[in-house]
Amino acid sequence: MAAASGPQGDQLQLEATSESCWQLWQAVRAKRPLVHCITNFVSMDIMANVLLAAGCSPAMAHSLDEVESFVTISSALLVNMGTLSSDWVAAKKLAAKKAVELGKPWVLDPVGCGATPVRTASCLDLLACRPTVVRGNASEVLALAGAAGSSGVKGVDSTAASGDAVEAAKSLASKHGCVVAVSGEVDYVTDGQALVAVRNGSPLLTLITAAGCSLTALIAAFLVVAPGQPLMATSHALAVFGLAAEEGLQLAPRPGPGSLRVALLDCLHLMERAAVVEGARIEVVS
Amino acid sequence: MAAASGPQGDQLQLEATSESCWQLWQAVRAKRPLVHCITNFVSMDIMANVLLAAGCSPAMAHSLDEVESFVTISSALLVNMGTLSSDWVAAKKLAAKKAVELGKPWVLDPVGCGATPVRTASCLDLLACRPTVVRGNASEVLALAGAAGSSGVKGVDSTAASGDAVEAAKSLASKHGCVVAVSGEVDYVTDGQALVAVRNGSPLLTLITAAGCSLTALIAAFLVVAPGQPLMATSHALAVFGLAAEEGLQLAPRPGPGSLRVALLDCLHLMERAAVVEGARIEVVS
Amino acid sequence: MAAASGPQGDQLQLEATSESCWQLWQAVRAKRPLVHCITNFVSMDIMANVLLAAGCSPAMAHSLDEVESFVTISSALLVNMGTLSSDWVAAKKLAAKKAVELGKPWVLDPVGCGATPVRTASCLDLLACRPTVVRGNASEVLALAGAAGSSGVKGVDSTAASGDAVEAAKSLASKHGCVVAVSGEVDYVTDGQALVAVRNGSPLLTLITAAGCSLTALIAAFLVVAPGQPLMATSHALAVFGLAAEEGLQLAPRPGPGSLRVALLDCLHLMERAAVVEGARIEVVS
């Protein structure tokens, strides 16, 4: 945790501490919010397990017939664009609109935005549904912001550094009135004015499929306990997930992606105050 | 394992021992039954792995074009209501009817029953297809039995204790001629008259997504080797799964859900006679 | 690794060494090829994780609207027949045709071929799309080759030994101009003339769901770095996957399928030259 003095950083200066990170997570664990996830097939197992381990309750439902009902009984919504069948995209739009109607926070994960024309178009459709937060890697955010074409995206992995997408993220956030998070070696979070850097995590996370997807679901949970403070909630969720990876790597018998996945889940369940307060590295850059 | 003397417990008194639990499991391992699973996306990986580890052969097929063929070549059917797209529900009904037609046991897992109207209606539709066994948590069983409205269900996790659903389970079992199992800290199994309590397992299982779904698939496998004895088969499957969790927790390097999932699969594969005979806690309550 | 002297084995004699196995894998890791996978639901998590751990980049996209775009930006295609909904089969055909059109290698995994009539028919449809490589277990290859009816297939697990399918594999390879790999205790690979045996792996792999599916995806990655040499690429991918299982079993705390899955992924990421050069057992049989 570092102090900061940017012009828009005053409120954050008070709030974005490693102590507030722990307290917000405890609020999540205490409330155990139901997070409705409409996500891709690859991510379902690990996403549900990450939410459970972190103290939340997942609901993975995508049928057009019941997504509105699930938004109604849930505290937050996660929409992930990995699976793009037409009925899924329709269900995502329906759910997002319901969330906005009910005043519930929802997070968009524009998986692979820029990789194919239909994917970019679908992501833009969902962006128009006014997400509270958008979380992607640098290539996805660049593509979504229109700052890059599809050239920078190789499948669903990022080929640009997170810092390269900061200006695109700010522009996207300002234009659409949302918070945008760019994942990478350093994670950046912005509401279009303030910029927060989170320096937790491990490069090995990129070798666990859907780790980023799961992180986005965790952001949705944190939004529930910090109404009106999406910048803080997002930064803190990023720090918690990154910390669990750092601690997981220390506990894992080998620095491999199989062991890290197991230990990450354990640490999300077991992590205590000292590890968070001493380890969270959230800096208000400006 | 405890003795019992309820009026309907005579047959069970002879059969539901920890020794019979081991023998039934050995029969499963020897036969290696093909269990046809039509289940939700979140559960597919762990369910198939649980069946393989326990000595069964899973088949995860849901296409309307081939579910009847798969029922025909399988020894038992598992129908899980987690994924509710209309073509999936149709495939589930078709498969259930085929199983009944061929005299093969089938098990219903009413995931999230009560959470949304369409979900409750779909579960009731499948219940009308005459399952051999229904396995759910207390909220699901309460909702399915009509003893509660949708108010008691929060997503797919239970908010009621298993004991609260015993009367609903008995009523459901009597009315529909099936065995009903209610999972919880204590698992209860009833055929409408006799009531069996199984006291194996770990609360940490609730933090592993689809652990309950996988358990229901294991019940289907046990039904294969105990024809006409669904109460015993279900109780024994519950004990075996719970025991594997208990032993897994002892072997795991940390009491976390990631480690438990790994160790649970190992123990289902490796568990030997002594652990089952000494550890199974199946009690005929009445 | 053993020398060999079959009439068609000359080129292989030079190339299929454990040293070449290491070098080919290093080429994969250096190129980090994007492998487009249209696979079944059960396999998605482990397949993406296997590709990531081995040094590849997975793309799991199946929507009819974008499979052609994904083939275009990918280096190879994997088509797995586990999930057989009609729109999925259509997407698989479309993707396979696009791969052939663009001259990109693609691999067919005929999951459960022979188990149901619709499944066999769909596999034959895809076989007609001219795969570069077909990888299955003995029962699947026997069924696909028409050397057996559906009688030899029990679900998706093999009931025949790999050696029983060698002649069927040769016939299939000759007739369709592809390489055919038969997995089993010994893996056999043939282009219709030469026959290669790979003796790596562990029987415990058969208790990890979708291990074979994931292996087939790895073959697709190896094809990228060995253009025109599908026999060598396939054999080497089989050896690498088998070796990771062998080493994983040594590192695992218990000989169980849960631990093996974790250690397998670790070893795919961490394995170094000595383990491959000393451990790969690739023999040109004829």
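Table for the structure above
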{"item": "Scan of segment A:33-43 for residues that are facing chain B (nearest Cβ under 9 Å), open to solvent by less than 10 Å² (accessible area, probe 1.4 Å) and out of contact with any Cys (no Cβ under 8 Å at 6 or more places or on another chain), ordered by number", "result": "A:36"}
{"item": "Residue C:116 vs. criteria within 12 Å of chain B (Cβ to nearest Cβ) and over 20 Å from the mean Cα position of the chain (by Cα)", "result": "yes"}
{"item": "Residues that are acidic (Asp, Glu) and at the interface with chain C (Cβ under 7 Å from one of its Cβ atoms), drawn from segment B:50-82", "result": "B:65, B:66"}
{"item": "Yes/no for residue C:90 being open to solvent by 10 Å² or more (accessible area, probe 1.4 Å) and assigned to a helix (DSSP H, G or I)", "result": "yes"}
{"item": "Number of positions in segment A:53-77 that are without any contact (Cβ under 8 Å) to a residue 12 or more places away in the chain and open to solvent by less than 10 Å² (accessible area, probe 1.4 Å)", "result": "1"}
{"item": "Test result for residue A:236, of a type outside the set (Gly, Ala, Ser), away from every other protein chain (no Cβ under 13 Å) and crowded, with 21+ Cβ neighbours inside 10 Å", "result": "yes"}
{"item": "Scan of segment A:185-195 for residues that are buried (at least 24 other Cβ atoms within 10 Å of the Cβ) and either modelled with pLDDT under 95 or assigned to a loop (DSSP other than H, G, I, E, B) (or both), ordered by number", "result": "A:194"}
{"item": "Any hit, segment A:196-211, residues being part of a helix (DSSP H, G or I) and of a type in the set (D, E, K, R)", "result": "no"}
{"item": "Criterion: in contact with a Ser or Thr (Cβ under 7 Å, 6 or more places away or on another chain) and either on the phi < 0 side of the Ramachandran plot or of a type in the set (A, V, I, L, M) (or both) - qualifying residue of A:52, A:77", "result": "A:52"}
{"item": "Residue in segment C:246-286 that is farthest from residue B:247 (Cα to Cα), counting only those that are within 12 Å of another protein chain (Cβ to nearest Cβ), open to solvent by less than 10 Å² (accessible area, probe 1.4 Å) and of a type in the set (A, V, I, L, M)", "result": "C:271"}
{"item": "Complete set of residues in segment C:242-286 that are aliphatic (A, V, I, L, M) and in contact with a His (Cβ under 6 Å, 6 or more places away or on another chain)", "result": "none"}
{"item": "Filtered residue count, segment A:88-110, keeping only those that are in contact with a Lys or Arg (Cβ under 8 Å, 6 or more places away or on another chain) and under 15 Å from residue A:125 (Cβ atoms)", "result": "4"}
{"item": "Every residue from segment B:20-32 that is touching a residue at least 60 places away in the same chain (Cβ under 8 Å) and either under 14 Å from the mean Cα position of the chain (by Cα) or within 14 Å of chain C (Cβ to nearest Cβ) (or both)", "result": "B:31"}
{"item": "Residue in segment C:98-121 that is part of a helix (DSSP H, G or I), open to solvent by less than 10 Å² (accessible area, probe 1.4 Å), over 28 Å from residue A:118 (Cα atoms) and not aromatic (Phe, Trp, Tyr) present", "result": "yes"}
{"item": "Condition broken by residue C:126, with the remaining ones in (1) within 27 Å of residue B:52 (Cα to Cα); (2) open to solvent by less than 10 Å² (accessible area, probe 1.4 Å); (3) modelled with pLDDT of 95 or more; (4) over 15 Å from the mean Cα position of the chain (by Cα) satisfied", "result": "(1)"}
{"item": "Neighbours by Cβ (under 6 Å, 6+ apart or cross-chain): first from segment C:173-195, free of Cβ contacts under 8 Å to residues at least 40 places away in the same chain; second of a type in the set (Asp, Glu) and surrounded by fewer than 24 Cβ atoms within 10 Å (Cβ to Cβ)", "result": "C:173/C:191"}
{"item": "Search result, residues across segment B:232-250 that are within 20 Å of residue C:256 (Cα to Cα) and of a type in the set (S, T, N, Q)", "result": "B:250"}
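The values are calculated or read from the model by the stated rules, or taken from the named source; none is laboratory data. All values derive from a computational prediction rather than experimental measurement. Note: ideal-geometry Cβ built from the backbone for every residue, glycine included; neighbour counts use all protein chains shown. What goes into the accessible areas is simple: the full protein's heavy atoms, side chains included, and nothing from ligands, DNA or RNA. Shrake-Rupley method; radii C 1.70, N 1.55, O 1.52, S 1.80 Å.
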